[in-house]
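A short reminder: the numbers here are calculations on the coordinates, not readings from a lab. What you are looking at is a predicted structure, and each value in this text was computed from that prediction instead of being measured. Here the Cβ is made from the backbone with ideal geometry for all residues, glycine too, and neighbour counts use every protein chain on show.
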Amino acid sequence: MKKFFRLFIMFCYLTWTASSVEYLDTPWSNRLTFGFGFGVGLNFHTANFKGIDFPNIPSCCPRFETGYGLNSFLSPIVSFPLDENFSLQVQTGFENLSAILKRKEKEYFSTQGQEGVWGEFEHTVKSTLNTIHGDFFLSYRFSPKFKILVGPTLSYIFKNEFEQKEEIVSPPFGVFAIEKSRIRNHTSGPIPNINKLLFGLGFGISYYLPLNAENTLFMVPNIFLKARLNEIAKNHEWRAYSLSGGISILYSPRRVKIIKPAPPPPIVPPLAELPEPPKSPSLEASILAVSIDDKGLERPVTILNVEEFLSTKMYPLLGYIFFDENSAEIPKRYKLLSPNETKDFSIKKLYGLSTLDIYNHILNVIGKRVSQYPQAEITLIGCNSDQGNEKGNLELSRKRAEVVRDYLVNVWNIEPERIKIVAKNLPDNPSNPNDPDGIEENRRVEVIANIPQIFEPFVVEDTLREVNPPTFRFKTDVKTQIGIERWQLITSQSNGVVKVFEGKGDVPKVIEWKVAEEQGNVPKLDEPLKYKLIVFDKDNKKWETPTLELPVEVMTIEKKIFERVADKQIDRFSLILFKFGQHEITGENLKIAEIAKKRIKPNSTVKIEGFTDRIGSEQSNLELSTRRAIETAKVLGVDPKYAKGLGESRLLYDNSLPEGRFYCRTVNIEIVTPIE
């Protein structure tokens with residue numbers, strides 16, 4: 001009886017063991033596969049440049065067009081199944097993209113005392129390009145053994161060299177006159193302005209040949225065609241293609257699953273419910289950039305085009321210093337220096353600043369110029385609003401003039417006898433005393449000089465960058481349980497930060513960037529502009545969005561010269577010394593207009609736009625700006641049809657400041673002249 005019982009127990013055990021193993025013998029095409037491949041082929045380069053013609057690298061080639069070289073590669077390979085027919089194949093490794101570009105040029109040779117003969121020059125650029133490549137192919141099983149592959153390919157150039165020369169091929173006699181040799185312009189070294197990362201598209205076909213009965217080991221002949229889509233070197237039309245054939249050895253292990261019946265779960269007494277731990281406050285943030293077209297509609301960003309032009313811009317100076325109500329203290333927005341700092345102050349350092357940033361240095365500009373001209377004398381006319389506490393307060397007007405004088409005397413060392421002080425209530429040409437903005441503008445000190453050099457406008461010869469689209473809108477979405485403490489939106493290129501937007505409290509849903517109006521913040525490199533949003537909540541938890549990119553294409557002046565692209569000169573002038581509510585062009589405005597008139601050529605295009613500040617009705621401001629624009633056209637001798645008034649529809653400067661409103665009472669003149 002005991003023997004029978006033992007045999008029964010052994011039978012049950014063997015039966016359980018036999019039923020607990022299951023083999024999942026899936027088709028090889030639906031299994032993980034890995035191995036390596038190698039092969040050779042042909043590199044084909046297309047080009048459209050005269051040579052590696054950077055400074056100190058001469059070339060007389062009319063133009064290189066094609067080149068060939070031997071391709072070779074060695075790659076580890078991994079293939080991940082996606083379903084029965086599709087898989088993702090990743091391969092990386094070493095690949096040689098070298099090629100030799102040649103161009104023959106016929107030339108007539110004259111020989112001393114003999115009849116001339118026809119000969120040939122051969123121009124050669126030998127490029128060495130060793131890369132680490134990465135291919136990401138979507139593979140489709142077209143038949144049981146045949147697969148087609150397509151996907152992106154990346155190549156990182158870790159070694160690049162070139163050798164360039166020009167050689168006399170025929171006739172067999174003769175040398176270059178200067179070099180006394182049959183070879184000239186022989187140069188070698190790293191390729192200038194190399195694009196380290198090449199990206200492109202690849203296509204391939206593979207045929208799987210089993211090497212064993214289990215279908216786990218395969219020899220795979222294959223053919224690949226790859227096209228690199230970006231240039232090998234910046235500013236050169238030079239691309240690489242390759243056609244290669246090779247052999248891969250791949251291993252695809254069978255999948256085996258062992259199934260054991262789970263033992264009955266032990267009886268566990270129920271546990272007392274524990275309170276859930278408190279969840280940490282969550283924070284999520286995202287950002288997306290769109291462009292704004294000329295109708296104010298949002299558009300997806302395709303590319304940010306930046307084009308450089310030679311430009312002359314004239315910055316007029318406003319000789320007024322404005323004061324707070326019932327105060328004779330110079331406001332903090334004006335840039336004040338110490339006596340030691342005046343030694344290093346240069347007006348040229350202000351070039352590139354915005355108009356209002358230049359104006360904030362008005363006291364330093366006056367101090368610098370008066371010290372440079374010994375014959376210069378100035379009159380400071382202190383004024384008040386003649387309203388409220390300032391009503392008839394000539395003493396306040398005098399104190400305002402005196403504080404300006406004291407700064408010029410104590411900091412800029414101007415002799416007191418060269419400065420005259422006058423105190424008035426309202427200025428001779430007051431702003432509207434019935435409007436709060438006008439009342440604020442009348443609280444000022446007017447500076448008058450006896451020579452024109454003191455308030456001579458800045459004339460800056462500079463590079464103007466036009467941007468299309470001119471405006472971007474960053475759309476944000478931030479979700480948090482406890483609120484936002486602070487945030488930053490950072491835009492950058494490889495040369496550093498381009499512009500930073502930041503603030504405290506909630507992140508605005510829309511952040512608008514009028515990049516065309518900020519010359520100092522226009523991207524300067526021909527590479528993507530990166531941007532990301534950084535958010536800190538009230539627990540100081542930090543969240544960064546993924547870094548996104550805006551494609552940028554820069555057409556520099558140098559590139560236009562190299563590619564012989566038509567160019568133009570852009571000159572811009574501003575008239576700001578209009579009396580309040582008037583359109584006549586007199587005094588300094590007339591001088592500026594005469595300078596602008598001399599810049600107009602027969603082939604120039606002239607655009608005249610008049611503006612106003614926010615004081616007054618929209619209709620009256622539109623009419624006033626139109627009269628100013630037409631009057632300017634008459635002085636310039638330009639057809640009035642090119643003059644347009646915009647009124648207060650586009651406020652050029654911050655109208656919460658009196659100087660911003662004065663600078664808005666302007667006529668802008670733009671003169672575009674083609675450069676032949």
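For Asp294 and Arg627, the FRET efficiency from 1/(1 + (r/R0)^6), where r spans their Cβ atoms and R0 equals 35 Å, is about 0.85. Taking Lys and Arg as +1 and Asp and Glu as -1, the other residues whose beta-carbon sits under 15 Å from that of Ile484 total -1.
Multiplying the residue separation of Val500 and Glu518 by 0.36 nm and subtracting their alpha-carbon distance yields 5.2 nm. When the GluC sites (Glu not before Pro) in region 92-189 are filtered for DSSP coil states and for at most 16 other beta-carbon atoms within 10 Å of their beta-carbon, the remaining sites are Glu179. Among the aspartates and glutamates, which have Cα under 19 Å from the Cα of Lys102 when same-chain residues fewer than 8 positions away are ignored? By straight Cα distance, Lys102 reaches Asp53, Glu65, Glu120, Glu122, Glu161, Glu163, Glu166, Glu167, Glu231, Glu237. Coupling constants for region 643-650 follow from the phi torsions by the Karplus curve (6.51 cos²θ - 1.76 cosθ + 1.60, θ = phi - 60°), and in residue order they are 9, 9, x, 10, x, 9, 5, 9 Hz; glycine and proline get x. Kirkwood radius for region 317-456, taken over all pairs of different Cα atoms as the inverse mean of 1/r, rounds to 15.4 Å.
Secondary-structure-derived ellipticity at 222 nm for the chain, considering helices only, amounts to -4500 deg cm²/dmol, per-run term -39500 (n - 2.57) for DSSP H runs with n ≥ 4. Using 20 Å as the Cα-Cα cut-off, could you pick out the over-long pairs in Lys106/Lys560; Lys504/Lys542; Lys348/Lys530; Lys479/Lys532; Lys568/Lys598? Those over the limit are Lys106/Lys560; Lys348/Lys530. Using only side-chain charges placed at the Cβ, +1 for Lys and Arg and -1 for Asp and Glu, the dipole size of region 567-675 relative to its Cα centre rounds to 320 debye. Within the same chain, aspartates and glutamates fewer than 8 places from Lys591 are excluded, and of the rest, those with a Cα less than 15 Å from its Cα are Glu456, Glu631. Local charge for Asn425 was computed over the other residues whose Cβ lies under 9 Å away, with Lys and Arg +1 and Asp and Glu -1, and equals 0. Exposure proxy shown here: for Thr612, Thr124, the number of other Cβ atoms within 10 Å sets the order, fewest to most, as Thr124, Thr612. In this structure the amide hydrogen of Arg486, modeled in the peptide plane, comes within under 5 Å of the amide hydrogens of Gly505, Phe536, none closer than 5 places in sequence on its chain.
Starting from the Cα-Cα distance between Asn540 and Tyr642, subtract it from 0.36 nm times their residue separation and give me the gain in nm to one decimal. Length difference between fully extended and current span is 31.1 nm. Across the chain, counting alpha-carbon atoms alone, Rg and Dmax equal 38.2, 135 Å.
Near the amide H of Leu304, within less than 5 Å, lie the amide hydrogens of Val552, Glu553, all on another chain or at least 5 residues away, with H placed in the peptide plane.
Dipole magnitude for the chain: computed about the Cα centre from +1 point charges on Lys and Arg Cβ and -1 point charges on Asp and Glu Cβ, it is near 2120 debye. A cut-off under 13 angstrom between Cβ atoms defines the neighbours of Asn393, and their net charge, with Lys, Arg +1 and Asp, Glu -1, is +2. Listing Val515, Val500 from fewest to most neighbouring C-beta atoms within 10 Å gives Val500, Val515. Across the options Phe199, Ser656, Gly93, the greatest Cα extent toward the positive end of the charge dipole of the chain (unit charges at beta carbon of Lys, Arg, Asp, Glu) belongs to Gly93.
The phi torsions of region 244-254, fed into the Karplus equation with coefficients 6.51, -1.76 and 1.60 and a -60° offset, translate into couplings of 9, x, x, 10, 10, 10, 10, 10, 10, x, 6 Hz, rounded to whole numbers, with Gly and Pro shown as x. Pair-distance distribution P(r) for region 567-675, from all Cα-Cα distances in 5 Å bins starting at 0: 2, 14, 24, 24, 18, 11, 5, 2, 0 percent. Here the Karplus curve 6.51 cos²θ - 1.76 cosθ + 1.60, taken at θ = phi - 60°, turns the phi angles of region 95-100 into couplings of 8, 9, 10, 5, 7, 10 Hz, with x standing for Gly and Pro.
Here the calculated FRET efficiency for Ile132 and Asp324, from their Cβ-Cβ distance with R0 = 56 Å, stands at 0.30, rounded to the nearest 0.05. When you work out D = kT/(6 pi eta Rh) for region 23-256 at 25 °C and 0.890 mPa s, using the Kirkwood radius from C-alpha pairs as Rh and the Stokes-Einstein form, the result is 121 µm²/s.
What is the calculated FRET efficiency for Gln453 to Phe38, with r their C-beta to C-beta distance and R₀ = 56 Å, to the nearest 0.05? With R0 = 56 Å, the Cβ-Cβ based efficiency is 0.15.
Neighbour counting of Cβ atoms within 10 Å sorts the residues Ser346, Ser492, fewest neighbours leading, into Ser346, Ser492. Modelled this way, with points 7 Å down the Cα-to-C-beta line, the labels at Lys104 and Ile595 are 6.1 nm from one another.
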